[in-house]
1. Output the residues belonging to the range A:469-484 that are farther than 22 Å from A:GLY529 by Cα and not in a strand (DSSP E or B).
2. I need the full set of residues from the range A:188-213 which are more than 19 Å from A:LEU518 (Cβ to Cβ), away from RNA strand B (no atom under 14 Å from the Cβ) and not aromatic (Phe, Trp, Tyr), in order please.
3. Counting only residues that are of a type in the set (Gly, Ala, Ser), away from RNA strand B (no atom under 11 Å from the Cβ) and crowded, with 18+ Cβ neighbours inside 10 Å, how many does the range A:44-61 have?
4. Out of A:ARG276, A:ARG216, A:ARG225, A:ARG271, which single residue is of a type outside the set (Ser, Thr, Tyr), crowded, with 16+ Cβ neighbours inside 10 Å and more than 15 Å from RNA strand B (Cβ to nearest atom)?
5. If only one of A:LEU130, A:LEU137 is buried (at least 18 other Cβ atoms within 10 Å of the Cβ), within 20 Å of A:ARG549 (Cα to Cα) and outside the structural domain of A:GLN203 (by TED's automatic domain parsing), which one is it?
6. Being touching an Asp or Glu at 6+ places or on another chain (Cβ under 9 Å) and farther than 14 Å from A:ILE97 by Cβ is the filter; apply it to the range A:15-38 and report the residue that is surrounded by the fewest Cβ atoms within 10 Å (Cβ to Cβ).
7. Of all residues in the range A:432-486 being β-branched (Val, Ile, Thr) and surrounded by 20 or more Cβ atoms within 10 Å (Cβ to Cβ), which is farthest from the chain's Cα centre (by Cα)?
8. For the range A:14-29, which residues satisfy the criterion of being within 27 Å of A:LEU137 (Cα to Cα) and more than 16 Å from RNA strand B (Cβ to nearest atom)?
Amino acid sequence: MTPRTPSIRPTSLRTHRCGDLRREHIGQLVRLTGWVARRREHGEHLAFLDLRDASGVVQCVVAEHIDARSEYVVSISGTVRARPDGTINANLATGEIEIGEAEVEILGTAEPPPFPIDQRADAVDEGLRLEYRYLDLRRERMQRNLRARAAVNSAMRASMESQGFVEVETPLLVPSTPEGAREFLVPSRKEHGAFYALPQSPQLFKQLLMVAGLDRYYQLARCLRDEDLRADRQYEFTQLDIEMSFVGVDDVLAAISDAVLDAAEAVTGTRPGEIRRITWREAMERFGSDKPDLRFGMELVDLGEVFSATAFKAFAGSGAIKGLRVEGAASTYGRNQLDKLTDRAKSLGAKGLVWIKVAADAALESPVAKFFSDAERDALLDATGAKEGDLVLIVADEWHRACEVAGTLRNDLGRPPVHEGPYEYVWVVDFPLFVGQDATTGRPLPGHHAFCMPHPDDLERLEDEPMSVRALAYDLVLNGWELGSGSIRIHDGALQRRVFHLLGISDEEADRKFGFFLNPFRYGAPPHGGFAVGIDRLVAILAGEENIREVIAFPKTQSGSDPMTGSPIAVEPSHLAELGLKIIP
RNA sequence: GGUCCCGUGGUGAAGUCUGGAGUUCACGCCGGCCUGUCAAGCCGGAGGUCGCGGGUUCAAAUCCCGUCGGGACCGCCA
């Protein structure tokens, strides 16, 4: 991380911070405060205390016996001096100096911590770490992560300010809206039976700020979604949320790119190059994902041509046939593992998985090889580039599913850990306006949300071929994680009604559900669009963490609890009564 | 709602498949020794409801069922 070294004034309790001391301080009488990180005793008349504060660690030499144990909070006075020859510690930033003739005053004693306060705690049960999060956060790794997060926030704010964005805070108590993620509800005390919702995002408010003429809005916004938690998902998370007026797609991407690249540079010290773009269609075709991880190859191979006239029933008539070449895996994948891969494919919704091992002389080893003609075999090897010793996996299904399943297998088999390799940012553009259809009504379902602008080139097909219409919607992806998404919004009432009608939402229903949001657009709404970047995910990847809990000070477990506070917890019956609530056992 | 993995002195791990005395290793903790260490070293010691409950068995950390907690994933996350 680029060391941002704010000048820390002395306080009434200390003259310096431990980690700031260097050769230039030699000779100075200093007073330090911090925690005893480690103690090395050499009898009555020599002991080394490693003193730790937020800035780092410094070695103090104590000549008299003092009972200062691990994690005791102490004040140490002494003179900075050069370490004797041969005792310099190159692994320590302060390793050239030490505090000599240190006098120790114990400010507070400490029980032995339930786990070590050093890198060894990386292996400690995470539930225990979360129960004692205040001790976990003392550790260098967590301090580094929280500071990286602060650096990201700071860089993003600076970027937004320099681009003319205005920070506006939007409400946390908002109306419940029918679409989207499950909401957390907050009961109204004054109107029993009525509820606020906590915002999934400030979406509606930020668009109203455009109607209001703010021109450019941003916020480091807390968002809350009552959906199951994952490595990259918490109930509450933070987004850099922006909205801009009088812009097209390129303008929004440029604004966000600036902020994200600035943030990345603030953490890593290196500014990534311009973020490349890929269309959604191409991402699905080549990587089988709308959040492709571009750090590795193993691109999907379209085998529709190869098997266009195949006799193999499982392939014939499929919407798409996608192949995946796994180099050198023929010998390492036994029957058991191949069965597991097949189960994985099925759990992802595929009808099955075809596996083919390439043996000597281009012979195919597979339960279904007998269905392939020689020409198909040659074309398959040619298309995939598979050679002896390689494994080829093939998924045949409806186009989207075939791509998705093959893409997930690609990730399963080839994806490096998130902290390895380069940072591969990519804009995924031209998302479809609709994804899939409602099982009962057959109506198309919105891809991003119902207020997303259709691609102008596709507008004429809106009613006739809605599923082929692209949206002015885009995602930012980093190393296979979706960092955020956004779109140009519909600002025209007539077009909005056309989209609603396609979604099966009548004027009356639209007015009932979104009236407070749509009516303002009758009073002059500028063309506008926006984006939101998931801060937790960005920081996690930049910090080399595989889980966003590692970059959140006080996260929840996967089941949504907080082992430190015990939340969620039951409340007093009187509390419930005041809110007009009753618990159903 | 579902699939899978994990739970053993304060911490981390081995032991579980193939039942046989709470066994082992490292760290930490407590005490002693030690004047240049830096995850100090040496000696000694304490510390356990093998997550919990039930079952099978002469015998359960180990096998079976249930349950709780943690994690990964599917569904879900416009």
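1. Of everything in the range A:469-484, those that are farther than 22 Å from A:GLY529 by Cα and not in a strand (DSSP E or B) turn out to be A:ASN479, A:GLY480.
2. Scanning the range A:188-213 gives A:SER188, A:ARG189, A:LYS190, A:GLU191, A:HIS192, A:GLY193, A:ALA194.
3. Count: 2.
4. Unique residue meeting the criteria: A:ARG216.
5. Being buried (at least 18 other Cβ atoms within 10 Å of the Cβ), within 20 Å of A:ARG549 (Cα to Cα) and outside the structural domain of A:GLN203 (by TED's automatic domain parsing) holds for just one of A:LEU130, A:LEU137, which is A:LEU130.
6. Per the criteria, the residue is A:ARG38.
7. Checking each candidate, the answer is A:VAL469.
8. Those that are within 27 Å of A:LEU137 (Cα to Cα) and more than 16 Å from RNA strand B (Cβ to nearest atom): A:ARG14, A:THR15, A:HIS16, A:ARG17, A:ASP20.
The values are calculated or read from the model by the stated rules, or taken from the named source; none is laboratory data. Keep in mind it's a predicted model, so treat the numbers as computed, not measured. Cβ atoms come from the backbone with ideal geometry, glycine included; neighbour counts cover every protein chain shown.
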